[in-house]
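A.B. asks: Below are the structure tokens for one structure; questions will follow.
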Amino acid sequence: MTTLRTAALTLVAMLAFAANSVLCRLALRNTTIDPASFTVIRLLSGAAMLAFLIHLRGARPGRSGNWGSALALFAYAAGFSFAYVSLPTGVGALLLFAAVQTTMILTGLVRGERLHMRQTAGLALAFGGLIYLLLPGLSAPPLGGASLMIGAGVAWGVYSLRGRGIRDPLAATGGNFLRTVPMALALGIFASGTVTVDGTGALYAVLSGALASGAGYAIWYSALAGLTATSAATVQLSVPVIAAIGGVLMLGEAPTVRLVVSSAAILGGVALVLVKRR
């Protein structure tokens, strides 16, 4: 894969990731849809879109993918939706991708990678920023929502790591989404007593599922074929910034001093760990 094509696919994928944060927060704050219904509609519409794309090229949906990746995808989507009930857009995206990077870094350490002094300092800086963000105070995010988003980030990190080296990204993503359908339906049945859905909220969920998730994740899997694990982790540092800008422009969310300081510490620290020395 050429460098230019990899860069273009990566840019589109990062915009899709940020759009998921904005769409989810927009739906849960400005409409009556509940987080379980948002998750169900998002996963079902993503599965439908991917099945359609796979069918267009003459293949049968569901032959690729696996249940492990599908479970990680479902855990991410469910935790993501329930977390955004209480989290601002930028804070949620920052927590999500801080957890993603931590998962990928720790996986590398478990597999035998070693950190230099600069990288160790970066990791300490990132964890310090995360602790500062979560410290009790008027501008601290709710602990429940923060915990759910961190769990969603761990699941997404696992999903990204499992996606590296996939030969057919579209088929694998479609297969994973199709395997989340029974999980999504089970969630819908479990939460049936609190279901509230309106047209606008459902539309946001469909856009999140069919475009930002279904098509976006297929593009991300394609981009992963041309990225190292370090590069894949590094480029995702742009998502919280893009999502925060979207929250300011579309939701009127004002960035707090705590968010700005913790963002600088977390993103700067992780960048120190991930960026290779010349």
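Coordinate-derived values only; no laboratory data. Predicted model, so just to flag it, every value in this text is computed and none were measured. We place every Cβ from the backbone using ideal geometry, glycine too, and count neighbours over all the protein chains shown.
A.B. asks: Given segment 49-149, what helices (runs of 4 or more DSSP H) lie entirely inside it while holding 1 or more residues that are small (Gly, Ala, Ser) and under 23 Å from residue 219 (Cβ atoms)?
C.D. replies: In segment 49-149, the matching helices (runs of 4 or more DSSP H) lie at 67-83, 89-110.
A.B. asks: Could you tell me which residue of segment 230-261 is surrounded by the fewest Cβ atoms within 10 Å (Cβ to Cβ), considering only residues that are in a loop (DSSP other than H, G, I, E, B) and touching a helix residue (DSSP H, G or I) at 6+ places or on another chain (Cβ under 9 Å)?
C.D. replies: 254
A.B. asks: Would you check which residues across segment 110-146 are farther than 14 Å from residue 269 by Cβ and without any contact (Cβ under 8 Å) to a residue 24 or more places away in the chain and list them?
C.D. replies: Those that are farther than 14 Å from residue 269 by Cβ and without any contact (Cβ under 8 Å) to a residue 24 or more places away in the chain: 110, 111, 112, 113, 114, 134, 135, 136, 138, 143.
A.B. asks: A follow-up question, please. Could you please give the count of residues in segment 21-36 that are touching a Pro at 6+ places or on another chain (Cβ under 8 Å) and either surrounded by fewer than 22 Cβ atoms within 10 Å (Cβ to Cβ) or in a loop (DSSP other than H, G, I, E, B) (or both)?
C.D. replies: 0
A.B. asks: Condition (residue is of a type in the set (A, V, I, L, M), surrounded by 15 or more Cβ atoms within 10 Å (Cβ to Cβ), in contact with a Ser or Thr (Cβ under 9 Å, 6 or more places away or on another chain) and over 30 Å from residue 261 (Cα atoms)) applied to segment 73-94: is it met by at least one residue?
C.D. replies: Looking through segment 73-94, at least one residue is of a type in the set (A, V, I, L, M), surrounded by 15 or more Cβ atoms within 10 Å (Cβ to Cβ), in contact with a Ser or Thr (Cβ under 9 Å, 6 or more places away or on another chain) and over 30 Å from residue 261 (Cα atoms).
A.B. asks: Report yes if residue 172 is under 22 Å from residue 42 (Cβ atoms), among the hydrophobic types (A, V, I, L, M, F, W, C), touching a Gly at 6+ places or on another chain (Cβ under 6 Å) and in a helix (DSSP H, G or I), otherwise no.
C.D. replies: For residue 172, the condition - under 22 Å from residue 42 (Cβ atoms), among the hydrophobic types (A, V, I, L, M, F, W, C), touching a Gly at 6+ places or on another chain (Cβ under 6 Å) and in a helix (DSSP H, G or I) - is met.
A.B. asks: Determine which member of the set 2, 10, 6, 39 is β-branched (Val, Ile, Thr), surrounded by fewer than 20 Cβ atoms within 10 Å (Cβ to Cβ) and in contact with a helix residue (DSSP H, G or I) (Cβ under 8 Å, 6 or more places away or on another chain).
C.D. replies: Only one candidate passes the filter, namely 6.
A.B. asks: Let me ask something additional. Assess whether residue 207 counts as being assigned to a helix (DSSP H, G or I) and surrounded by fewer than 21 Cβ atoms within 10 Å (Cβ to Cβ).
C.D. replies: yes
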